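Take a look at the structure set out below.
The values are calculated or read from the model by the stated rules, or taken from the named source; none is laboratory data. All values reported here derive from a predicted model rather than from experimental measurement. When we count neighbours, we look across all protein chains shown, and the Cβ atoms used for this are built from the backbone with ideal geometry, even at glycine.
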Amino acid sequence: MQFDVASVDHALMTTRAVRRRLDLERPVDQEILLECIDIAEQAPSGGNQGSRRWIIVQDQEIKDRIAEIYMESAGQWMIASYEKLEGTGHPQEKVMASAAHLAQHLAEVPAIVIPTIIGVHDGSGRPGLFDSVIQSAWSFCVALRARGLGSAWTTAILSRRDDLAELLGIPEGMTQIAMLPVAWMKGTDVRLAPRRPAREVTYFDRFATTWATGPHVDHNIDDGPGVVVERDIKASPASIWQFVSDINFGAEFSSEFVGARWDDHDAEVTVGSSFTGSNQHEAIGEWDVPCFVSSYSPERSFGWVTSDPDNPGAQWLFDLERIAGATRLRFSVTLGPGPSGTSHAIAQMPEKSGKIISRRLLEHRRNMEAVIEGIQREAERIEPPKSKDGVKAPLS
Ligand SMILES: Cc1cc2nc3c(=O)[nH]c(=O)nc-3n(C[C@H](O)[C@H](O)[C@H](O)COP(=O)(O)O)c2cc1C
């Protein structure tokens with residue numbers, strides 16, 4: 001059978017959390033759910049043992065009770081959060097509106113499906129029986145999507161797993177994985193989620209090593225080798241931004257970067273502003289490099305390129321992303337495509353291209369890690385975490 005790749009990709013890419021567009025009026029036949037479970041059961045399984053057990057709940061009284069437990073475990077919090085965010089334009093506002101809607105209407109959803117598995121996670125970190133259920137449950141969601149039904153992967157109710165087990169008669173020794181509300185979907189269009197392109201989140205051969213193209217066997221600098229370091233910092237983007245946008249801050253932590261000065265001190269910083277960076281390296285000596293701001297969006301991104309804005313020797317970028325209870329700071333560099341010390345070294349010893357690149361990337365990685373750690377220390381010092389673990393308290 002020839003695959004219709006576009007349709008398969010479409011189903012995979014548009015299986016999103018459906019909450020407000022669940023059709024609460026149209027009944028869902030068990031047969032279609034069973035068909036989707038048959039498909040899901042083909043997913044890989046540790047030891048090739050089928051140990052998944054699925055519960056389809058359509059009984060109104062049981063759904064009412066599940067909805068109560070969900071409301072107590074998370075729904076009330078979701079509704080209160082949405083009320084706080086309503087009209088603010090906060091990045092979480094839409095998700096919270098949708099989550100609150102589900103909490104308010106869970107009992108009206110035609111079917112609630114709870115995938116479970118025989119076994120209890122042993123915490124060994126080894127993939128085993130327990131880990132055989134998520135991929136299957138996700139296949140179920142994709143199969144639903146392909147048939148015009150929608151669902152949302154939810155786990156908040158699992159903080160009350162004992163109550164759910166008692167309600168549904170789930171015996172000890174079983175693990176509940178998720179709670180999937182299922183209904184026909186209103187409308188068919190689904191927007192893609194905002195995600196980074198694969199090249200930004202995929203490392204080649206070693207963690208943190210990126211390539212803009214390739215990499216090819218000769219590890220050519222024209223393919224744009226790079227490094228990414230990231231930290232989740234328990235501070236707001238505003239606190240972190242002051243260090244990120246301070247072109248001198250890294251000098252205290254890097255073994256190579258000595259300091260920088262704006263070419264025009266008094267001008268407001270915008271894309272195109274220039275500064276000169278000073279560096280030192282035991283093998284290279286001391287040198288200055290002209291730098292040009294390539295990205296400037298307060299509290300979001302600060303980037304610059306070196307030597308020539310049209311043909312940079314390297315491209316540097318800090319970007320900040322607000323996540324639950326923290327800010328994810330990402331610091332990346334891509335070498336080339338223009339000439340640089342590294343490209344000169346490669347021109348002299350082209351047969352050592354791969355080694356020169358990997359050594360240079362490692363040096364950059366160490367320094368970038370030191371800088372990002374310095375930023376973390378300073379930002380968390382001026383803004384202590386709001387809760388003990390800093391995770392539960394969303395930044396406002
Ligand atoms: C592990 C996990 C647990 C989740 N738990 C809940 C939940 O309890 N309630 C809920 O409304 N959504 C839950 N979600 C759904 C996410 O909030 C959802 O993915 C997010 O709203 C983004 O929507 P999207 O899936 O369409 O990108 C969960 C998602 C995952 C992956």
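Conditions (1) basic (K, R); (2) closer than 21 Å to L164 by Cβ, marked per residue:
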site: A6; (1), (2): no, no
site: V18; (1), (2): no, no
site: R52; (1), (2): yes, yes
site: I56; (1), (2): no, yes
site: Q76; (1), (2): no, yes
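Just one of the listed residues (W184, W262, W211) is over 30 Å from L22 (Cα atoms) and either crowded, with 18+ Cβ neighbours inside 10 Å or among the hydroxyl-bearing types (S, T, Y) (or both), namely W211.
Number of residues in segment 265-298 that are acidic (D, E) and either assigned to a strand (DSSP E or B) or touching a Phe, Trp or Tyr at 6+ places or on another chain (Cβ under 9 Å) (or both) equals 2. Screening S51 against (1) away from the ligand (no atom under 16 Å from the Cβ); (2) more than 20 Å from W184 (Cβ to Cβ); (3) of a type outside the set (A, V, I, L, M, F, W, C); (4) in contact with a Pro (Cβ under 8 Å, 6 or more places away or on another chain) leaves a single unmet condition, (4). Please determine whether any residue of segment 1-21 is hydrophobic (A, V, I, L, M, F, W, C), in contact with a strand residue (DSSP E or B) (Cβ under 9 Å, 6 or more places away or on another chain) and within 23 Å of I118 (Cβ to Cβ). Checked segment 1-21: no residue is hydrophobic (A, V, I, L, M, F, W, C), in contact with a strand residue (DSSP E or B) (Cβ under 9 Å, 6 or more places away or on another chain) and within 23 Å of I118 (Cβ to Cβ). Apart from one condition, A11 fits all of (1) outside any helix (DSSP H, G or I); (2) within 15 Å of the ligand (Cβ to nearest atom); (3) farther than 14 Å from P110 by Cα; the exception is (1). Suppose the filter is buried (at least 22 other Cβ atoms within 10 Å of the Cβ) and in the same structural domain as I55 (by TED's automatic domain parsing); does V113 pass it? Spelling it out, V113 is indeed buried (at least 22 other Cβ atoms within 10 Å of the Cβ) and in the same structural domain as I55 (by TED's automatic domain parsing).
The residue that is modelled with the highest pLDDT, among those in segment 98-147 that are basic (K, R) and away from the ligand (no atom under 13 Å from the Cβ), is R147.
Do we find that R365 is surrounded by 16 or more Cβ atoms within 10 Å (Cβ to Cβ), under 20 Å from Q315 (Cα atoms) and of a type outside the set (V, I, T) in this structure? It is true that R365 is surrounded by 16 or more Cβ atoms within 10 Å (Cβ to Cβ), under 20 Å from Q315 (Cα atoms) and of a type outside the set (V, I, T). So, in segment 189-204, of the ones that are part of a loop (DSSP other than H, G, I, E, B) and surrounded by fewer than 10 Cβ atoms within 10 Å (Cβ to Cβ), which residue ends up farthest from the ligand (Cβ to nearest atom)? For segment 189-204, the residue satisfying everything is P197. Determine whether A40 is surrounded by fewer than 12 Cβ atoms within 10 Å (Cβ to Cβ), at pLDDT 95 or above and small (G, A, S). No: the conditions fail for A40.
Of everything in segment 83-97, what is part of a helix (DSSP H, G or I), away from the ligand (no atom under 11 Å from the Cβ) and not basic (K, R)? Give them in sequence order. Answer for segment 83-97, where residues must be part of a helix (DSSP H, G or I), away from the ligand (no atom under 11 Å from the Cβ) and not basic (K, R): E83, L85, E93. Scanning segment 150-180 for residues that are part of a helix (DSSP H, G or I) and within 11 Å of the ligand (Cβ to nearest atom) yields A156, I157, L158, S159.
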